[in-house]
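To start, the structure under review is shown below, and the notes come after it.
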Amino acid sequence: MAVEYSKDWDIEQYYDETEPDQHWQLRKEFMTAYKGQFSEEYLVALARTFTNIEMLGCVYPKEIMVRVAELSKDIAAKYRESKKTKLQRTFVSAKNAAESRYGGGNKTESETEKKKQKL
């Protein structure tokens, strides 16, 4: 027989106003999925660990990584799928941005490289 834990606690009490909404929503979904299957304290810690791994790329000891991966499989897959349709940021070096805006005009990168080779 599996141990059942209290469901008589409010997930919302763990909302942190300094946390980005996307992080909170993912963490909340994890806690909602497993509320009653773990102690409140342990589930809150697991949820925080999950969002740290998923959002920030944190790495934990192997046993924790495996446990969180197993528990978050469906939640993470849904989140990753939703990211595919969102706007992606592209980082450009300051030099390329400046050349593009002020000095490079409409030159392509290969034209710029050719010009450098001639010098």
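The values are calculated or read from the model by the stated rules, or taken from the named source; none is laboratory data. Just so you know, these numbers come straight off a predicted model, no measurement behind them. Neighbour counts are summed over all protein chains in view; Cβ atoms, including those assigned to glycine, are modelled from backbone coordinates with ideal geometry.
Scan the range 42-57 for residues that are at pLDDT 95 or above and either loosely packed, with under 14 Cβ neighbours inside 10 Å or over 12 Å from Phe30 (Cβ atoms) (or both) and the total you get is 2. Close Cβ contacts (under 7 Å, 6 or more residues apart or on different chains) running from residues in the range 19-46 that are within 18 Å of Lys78 (Cα to Cα) to residues that are of a type in the set (S, T, N, Q) and surrounded by 14 or more Cβ atoms within 10 Å (Cβ to Cβ) comprise His23/Thr51; Leu26/Thr51; Arg27/Thr51; Phe30/Ser72. When the range 1-21 is filtered for residues that are in a helix (DSSP H, G or I) and at pLDDT below 90, nothing remains.
Of all residues in the range 72-85, none are among the hydroxyl-bearing types (Ser, Thr, Tyr) and modelled with pLDDT of 95 or more. Scanning the range 55-81 for residues that are within 26 Å of Gln13 (Cβ to Cβ) and out of contact with any His (no Cβ under 9 Å at 6 or more places or on another chain) gives Cys58, Tyr60, Ile64, Arg67, Val68, Leu71, Ser72, Asp74, Ile75, Ala76, Lys78, Tyr79. Could you tell me whether any residue of the range 27-36 is among the basic types (Lys, Arg), outside any helix (DSSP H, G or I) and out of contact with any Pro (no Cβ under 8 Å at 6 or more places or on another chain)? Yes.
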